[in-house]
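Undergrad: Below you will find the structure I want to go over with you.
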Amino acid sequence: MPIRRPHSVRLVLVLGAVVLACLCGAAAAPSIETDGLEGANAGAWEVSADGVLRFSPRSDTHAPGEWRWYHFRLNGAQGVETTLEIPNARKSSASAAWPFNRPVVSSDDGRTWRRVSDTRYADGAFRFTFVPGSDRELVAMVYPYEFARHLRLMEEIADDPAVAKIDVLAQTIEGRPLHRVVIRSPRASGELPVLWVIARQHPGESPGSWKAEALVRWLLSDDPGARELIAAVEFHVVPFMNPDGVVAGNYRRNATGRNLNREWENPDPATEPTVHAVQRAMREHRDAGRTLLAFFDLHAFSTLRKNFCYYNEDPDLDLDHFEACESFLRNFESINPDFSYSGSDASSPEVGNIAKNWVHLEFRIPAYTFESSYQDVAYGPNAGEPMTIERYQALGRDLGRAIRRTYLRDGQLVRPALWDEPAVSQ
Ligand SMILES: [Zn+2]
């Protein structure tokens with residue numbers, strides 16, 4: 001039974017607490033919490049004498065010095081203007097980006113995220129100030145996309161087996177599944193050409209996941225263009241290449257400290273099982289005589305203010321290959337002005353350690369790394385406007401639309417033309 005105290009005793013206790021609070025400088029200091037939060041990373045933190053909450057994200061698993069991602073709960077600061085700082089930001093990965101690329105987001109419910117606009121970088125420290133909407137405010141480098149959300153998406157898709165089939169290509173180091181989603185129309189007959197999409201090799205690059213989910217949802221939607229596309233092309237999507245790294249709150253590495261997008265030349269199933277598994281599955285397609293149409297690897301980028309693709313320019317390329325790349329990139333920009341054709345960047349692959357290079361050298365098909373800015377873009381109708389989840393989703397959906405415009409005419413697969421000027425509506 002609870003102990004009942006007389007009113008007079010309770011009043012004395014309350015007054016005592018108020019006096020104590022006044023003597024100690026009033027309200028409790030804000031604090032950082034990471035317990036129970038997937039992908040959390042705040043590292044060591046303290047509240048300094050000037051009231052600034054300083055935190056230093058820890059390095060990725062087995063990768064000292066590789067850090068930039070942060071995600072945590074800021075407790076006890078609802079309605080109070082609060083300043084946080086990463087004092088050693090100049091020592092982070094992609095440190096050259098801090099002067100102009102300073103994304104911070106916050107949320108009081110984990111669903112709706114707001115950009116923190118008051119950010120600055122000076123003397124090697126990154127500082128931001130905002131007023132939390134709750135006493136348990138979530139703070140992150142960019143809109144988190146957690147493995148738990150991916151698992152919910154897989155459950156949702158599994159309800160529609162006529163269109164999408166899910167299998168597990170491998171287990172990660174820590175025993176998580178590497179899912180592949182195969183999407184093709186139930187109306188399609190016979191063998192279709194295959195198009196591969198992978199995402200989230202780099203854990204901190206959550207925009208890649210927002211794009212991948214939007215692409216999958218569009219392909220499965222009632223949109224007539226999507227229905228036409230999956231009747232002609234079979235999509236193989238691996239949305240979450242590095243679940244261990246995401247759950248650990250890493251920025252670039254997996255559970256063995258590997259940067260997956262530098263391990264495609266000779267991946268070891270013991271240390272990079274997900275890369276190894278995707279390569280095996282793609283080779284199975286080739287060995288079975290199936291046509292591989294293209295490959296996309298979805299990422300985000302710290303130091304550039306654009307949404308664009310890296311792709312391959314190779315003197316040995318045939319004209320069809322070159323025209324397919326050019327056509328796709330121009331189509332994408334014409335559909336979504338957040339994407340930059342002129343900002344896309346061709347190189348000649350000599351080594352295959354990066355996914356798009358390995359795919360190009362192994363299969364000689366168009367292969368792209370599709371990057372997105374964390375911050376904003378420097379061109380077009382949205383110039384200077386911070387990127388939102390909705391804009392990442394639109395880029396994912398419009399990746400599908402650009403593929404359709406590049407490869408289909410009247411529902412039939414065609415050889416991509418160099419550049420079909422879209423009809424101008426008057
Ligand atoms: Zn990346």
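Undergrad: What distance in nm separates the simple spin-label points at Asp135 and Tyr379, each placed 7 Å from Cα in the Cβ direction?
TA: Taking the two extended label points, one gets 4.9 nm.
Undergrad: Using 0.36 nm times the number of residues separating Ser189 and Val47, minus their current alpha carbon distance, what extension gain do you get?
TA: Details: separation 142, 0.36 × 142 = 51.12 nm, distance 6.36 nm.
Going from the current span to full extension adds 44.8 nm.
Undergrad: Counting alpha carbon pairs within less than 8 Å and at least 6 residues apart, what relative contact order, in whole percent, applies to region 26-140? Provide the component values of the computation, followed by the final result.
TA: Values: 248 pairs, mean separation 31.5, N = 115.
Reported as a whole number, the value is 27 percent.
Undergrad: Given a 1.4 angstrom probe, what's the average accessible area per residue across the chain, in square angstrom?
TA: Working: 18500 Å² over 426 residues.
Counting only protein heavy atoms, the per-residue value for the chain is 43 Å².
Undergrad: Let me have the relative contact order for region 147-413, percent, based on Cα pairs under 8 Å that are six or more residues apart. Don't jump to the answer; show the numbers that get you there.
TA: Values: 543 pairs, mean separation 60.2, N = 267.
Here the relative contact order equals 23 percent.
Undergrad: So which lysines pass the test for Lys91, namely a Cα distance under 30 Å, with those fewer than 8 places away in the same chain ruled out?
TA: Of all the lysines, those that pass the test against Lys91 - Cα under 30 Å, at least 8 places apart if same chain - are Lys211, Lys306, Lys356.
Undergrad: Then there is this: What's the ranking of 89-101, 354-366 by average number of surrounding C-beta atoms within 10 Å, highest first?
TA: Values: 89-101: 16.6, 354-366: 22.1.
Peptide ranking by packing, descending: 354-366, 89-101.
Undergrad: Right, here's the next one. Quick one: length gained pulling Arg111 to Ser342 fully straight, 0.36 nm per residue minus the C-alpha distance? Provide the component values of the computation, followed by the final result.
TA: Details: separation 231, 0.36 × 231 = 83.16 nm, distance 3.42 nm.
Taking 0.36 nm per residue and subtracting the Cα distance, the gain is 79.7 nm.
Undergrad: Select from Val182, Val104, Val168 the residue whose mean-square fluctuation is largest in a Gaussian network model of the chain (Cα-Cα springs shorter than 10 Å).
TA: Val168
Undergrad: Among rounded, prolate and oblate, which fits region 302-426 when a ≥ b ≥ c are the square roots of the eigenvalues of its C-alpha gyration tensor, a/c under 1.5 means rounded, and a/b larger than b/c means prolate?
TA: Values: a/c = 2.04, a/b = 1.16, b/c = 1.75.
Taking the square roots of the gyration eigenvalues as a ≥ b ≥ c, region 302-426 is oblate.
Undergrad: To continue, here is another question. Rounded to the nearest Å, what's the spacing between the alpha carbon centres of region 249-280 and region 221-236? Just the number, please.
TA: If we compute the Cα centre of each part, the gap is 30 Å.
Undergrad: Which of Ala28, Ala212, Ala300 moves the most in a Gaussian network model of the chain with Cα springs under 10 Å?
TA: Ala28
Undergrad: May I ask you to list the residues of region 45-68 whose amide nitrogen lies under 13 Å from a point 7 Å from Cα along the Cα→beta-carbon direction of Glu174?
TA: Once the point is set 7 Å along Cα→Cβ of Glu174, 60-62 turn out to lie under 13 Å by backbone N, inside region 45-68.
Undergrad: Run the quick spin-label model on Thr291 and Ala270: label points 7 Å from Cα toward the beta carbon, then report their separation in nm to one decimal.
TA: In this crude label model, Thr291 to Ala270 measures out at 4.2 nm.
Undergrad: Ala346: net charge of surrounding residues, Cβ under 12 Å, Lys/Arg +1, Asp/Glu -1, itself excluded? Don't skip to the answer; put the middle values down first.
TA: Details: positive: Lys356; negative: Glu313, Asp314, Glu326, Asp345.
Charge balance near Ala346 sits at -3.
Undergrad: Using a/c under 1.5 as the rounded threshold, could you call region 147-413 rounded, prolate or oblate? The axes a ≥ b ≥ c are square roots of the C-alpha gyration tensor eigenvalues, and prolate needs a/b larger than b/c, oblate otherwise.
TA: Values: a/c = 1.16, a/b = 1.05, b/c = 1.10.
It is rounded, given that a/c, with a ≥ b ≥ c, falls under 1.5.
Undergrad: A further question on this structure: Just order 111-121, 242-252 by mean Cβ neighbour count inside 10 Å, highest at the front, would you? Mind dumping the intermediate values first?
TA: Details: 111-121: 14.2, 242-252: 25.9.
Descending mean neighbour count gives 242-252, 111-121.
Undergrad: Would you mind counting up the charge near Gly190? Only other residues with Cβ under 15 Å from its Cβ, with Lys and Arg at +1 and Asp and Glu at -1. Walk me through the numbers before you get to the answer.
TA: Details: positive: Arg184, Arg187, Arg290; negative: Glu191, Glu234.
Result for the local shell: +1.
Undergrad: Using a 1.4 Å probe on the protein heavy atoms, what percent of the accessible area of region 147-413 belongs to carbon and sulfur? Show your work: numbers first, answer last.
TA: Numbers: 4390 of 9640 Å².
Of the solvent-accessible surface of region 147-413, carbon and sulfur hold 45 percent.
Undergrad: OK, next. Excluding Arg102 itself, what net charge comes from residues whose Cβ is under 14 Å from its Cβ, given Lys and Arg +1 and Asp and Glu -1?
TA: On the way: positive: Arg68, Arg90, Arg115, Arg120, Arg127, Arg305; negative: Glu85, Asp118, Asp376.
Net local charge, Arg102 excluded: +3.
The values are calculated or read from the model by the stated rules, or taken from the named source; none is laboratory data. Quick caveat, the model's predicted, so the values are computed rather than measured. Positions of Cβ are backbone-derived with ideal geometry, glycine not excepted, and every protein chain shown enters the neighbour counts. Accessible surface areas use protein heavy atoms only, side chains included; no ligands, DNA or RNA. Shrake-Rupley method; radii C 1.70, N 1.55, O 1.52, S 1.80 Å.
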